[in-house]
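Undergrad: Sharing a structure here in structure tokens format.
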Amino acid sequence: MKKKLPIAVFVSGRGTNLQSIIDAIEKGKLDAEIKLVVSNRKKAYALERCKKHGIPYKVIPSKKFPNEEEWGKALIEAVKESGASLVVLAGFMKIVPTNFIKAFENRIINIHPSLLPAFKGLDAQKQAFDYGVTLTGCTVHLVIPELDSGPVIAQAVVPVLPNDTPQTLAARILEHEHRIYPQVIQWFAEDRIKVEGNKVTVLGAKYGTLPFNPQLEVF
């Protein structure tokens, strides 16, 4: 039996990326185990997904702590107690504290709905739409203290169509998020991620070809 990568998933809302990870695990496509789900919102629908699949979860809202550092300590403790070695931010709508990032350096990943470094921050899909770009997408990156600025691991390109709205564009980007996020986690499970400064290399990857062809990829 393959060794499972222990992960903690951080969520704030619907948890569709969480569900894509759960589905990939249950289909045997992702060698990972969700040891803990953390939410900063007790009414996040993602927690209903945890109940359905028997996944342990904790609600740790920042407002219950006197400052960011104390909140960070609580998050660090929760992840360490769970035994997770990789933290997956999956629609976590709160900037994680610096002490938390330092505690898990190069072991926290996030998915952002744009081709970083373009369109950082909130409403990235609408930013891209309003700017008038013809291509956008999503990015999986390592988390550093600067918002949406960590080393890029993988990106998927999504065309902006003439009849798009911000909503239809966001929906299409989300489909690609659900595809590439489990893939990146699998690369961590296979110990294929190599970080050198601001560059990430996936060991054994076929560079120089068109990335993330849905007919060629596992997910």
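Computed from the coordinates by the stated procedures, all read-outs in this text should not be read as laboratory data. Everything quoted here is computed from the prediction, not taken from an experiment. Reconstructed Cβ throughout: ideal geometry from the backbone, glycine too, with neighbour counts over all protein chains shown.
Undergrad: Taking the residues in segment 111-131 that are farther than 19 Å from residue 181 by Cβ and charged (D, E, K, R) as candidates, determine which candidate is nearest to the chain's Cα centre (by Cα).
TA: 123
Undergrad: Sort out which residues of segment 132-168 are more than 22 Å from the chain's Cα centre (by Cα) and hydroxyl-bearing (Ser, Thr, Tyr), and write them in order of number.
TA: Residues satisfying the conditions are 134, 165.
Undergrad: If you go through segment 116-132 one residue at a time, do you hit one that is touching a strand residue (DSSP E or B) at 6+ places or on another chain (Cβ under 6 Å), buried (at least 17 other Cβ atoms within 10 Å of the Cβ) and under 29 Å from residue 81 (Cα atoms)?
TA: Scanning segment 116-132, I find no residue that is touching a strand residue (DSSP E or B) at 6+ places or on another chain (Cβ under 6 Å), buried (at least 17 other Cβ atoms within 10 Å of the Cβ) and under 29 Å from residue 81 (Cα atoms), so the answer is no.
Undergrad: Tell me, yes or no, whether segment 160-183 has at least one residue that is assigned to a strand (DSSP E or B), surrounded by 19 or more Cβ atoms within 10 Å (Cβ to Cβ) and out of contact with any Asp or Glu (no Cβ under 7 Å at 6 or more places or on another chain).
TA: Looking for residues that are assigned to a strand (DSSP E or B), surrounded by 19 or more Cβ atoms within 10 Å (Cβ to Cβ) and out of contact with any Asp or Glu (no Cβ under 7 Å at 6 or more places or on another chain), one finds none in segment 160-183, hence no.
Undergrad: Can you tell me which of (1) touching a Gly at 6+ places or on another chain (Cβ under 6 Å); (2) buried (at least 19 other Cβ atoms within 10 Å of the Cβ) is the one residue 140 doesn't meet?
TA: All conditions pass for residue 140, except number (1).
Undergrad: Return the residue satisfying two criteria in turn: it lies in segment 67-110 and is of a type in the set (Phe, Trp, Tyr) and within 19 Å of the chain's Cα centre (by Cα), and of such residues it is nearest to residue 148 (Cα to Cα).
TA: Out of the qualifying residues, it is 92.
Undergrad: Also, quick follow-up: Only one of 101, 108 is touching a Pro at 6+ places or on another chain (Cβ under 7 Å), under 22 Å from residue 197 (Cβ atoms) and not basic (Lys, Arg); which?
TA: 101
Undergrad: Can you tell me which of 154, 205 is of a type outside the set (Ser, Thr, Tyr) and part of a strand (DSSP E or B)?
TA: 154
Undergrad: Do the conditions hold for residue 175, that is, is it closer than 22 Å to residue 124 by Cα and out of contact with any helix residue (DSSP H, G or I) (no Cβ under 9 Å at 6 or more places or on another chain)?
TA: Considered against the rule, which asks whether it is closer than 22 Å to residue 124 by Cα and out of contact with any helix residue (DSSP H, G or I) (no Cβ under 9 Å at 6 or more places or on another chain), residue 175 comes out as yes.
Undergrad: For a quick check of your reading: which strands (runs of 3 or more DSSP E) sit entirely within segment 4-78 and have at least 1 residues that are surrounded by fewer than 22 Cβ atoms within 10 Å (Cβ to Cβ) and of a type in the set (Lys, Arg)?
TA: It comes to 32-39, 57-59.
Residue-by-condition table, conditions (1) assigned to a strand (DSSP E or B); (2) of a type in the set (A, V, I, L, M, F, W, C); (3) closer than 19 Å to residue 38 by Cα:
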{"position": "102", "(1), (2), (3)": "no, no, yes"}
{"position": "118", "(1), (2), (3)": "no, yes, no"}
{"position": "121", "(1), (2), (3)": "no, no, no"}
{"position": "133", "(1), (2), (3)": "no, yes, no"}
{"position": "137", "(1), (2), (3)": "yes, no, no"}
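Undergrad: Within segment 22-72, can you find the residues that are among the small types (Gly, Ala, Ser) and under 17 Å from residue 90 (Cβ atoms)?
TA: 24, 32, 39, 44, 46
Undergrad: Oh, and also: Quick one: count up the residues across segment 160-178 that are free of Cβ contacts under 8 Å to residues at least 60 places away in the same chain, under 27 Å from residue 88 (Cβ atoms) and not polar (S, T, N, Q).
TA: Adding up the residues that qualify gives 7.
Undergrad: Of the residues 73, 80, which is among the basic types (Lys, Arg) and closer than 20 Å to residue 32 by Cβ?
TA: From the options 73, 80, the qualifying one is 80.
Undergrad: Counting only residues that are among the aliphatic types (A, V, I, L, M) and assigned to a loop (DSSP other than H, G, I, E, B), how many does segment 104-116 have?
TA: Number of matching residues: 2.
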